[in-house]
Amino acid sequence: MYYGNYNPMYLQNTQRISAQQAQQIALGRVPGQILHVDLDMENGILVYEVYIMTPQNRVYEVEINAKSGRIVKVEQENDHDFYD
């Protein structure tokens, strides 16, 4: 498992849920295998970006608000988007 852009010192005071909790939330929405997890800032909101491969070999990105655990976005990725 790769955790890109994860800097615990920078996020020490702002992070509310763990990467493992974000993965469980994402898998509850899109069942499959976790490929990649990032912690990133999207429009001023700290989010986990969880990439999941479904049994149908489709890749989805699930964005989860790192403070509340709320799912912000679910989007199917094109092969080109994910592997660039």
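The values are calculated or read from the model by the stated rules, or taken from the named source; none is laboratory data. Computed from a predicted structure; not experimentally measured. Every residue, glycine as well, gets a Cβ built from its backbone with ideal geometry; the counts of neighbours run over all protein chains shown.
General observations
- If you filter the stretch 47-78 down to residues that are outside any strand (DSSP E or B) and free of Cβ contacts under 8 Å to residues at least 24 places away in the same chain, you find that the one that is surrounded by the fewest Cβ atoms within 10 Å (Cβ to Cβ) is Q56.
- Under the condition of being of a type outside the set (G, A, S), at pLDDT 95 or above and in a helix (DSSP H, G or I), the residues counted in the stretch 1-45 number 7.
- In this structure, D81 does not satisfy being under 17 Å from A22 (Cβ atoms), at pLDDT below 95 and either of a type outside the set (S, T, Y) or assigned to a loop (DSSP other than H, G, I, E, B) (or both).
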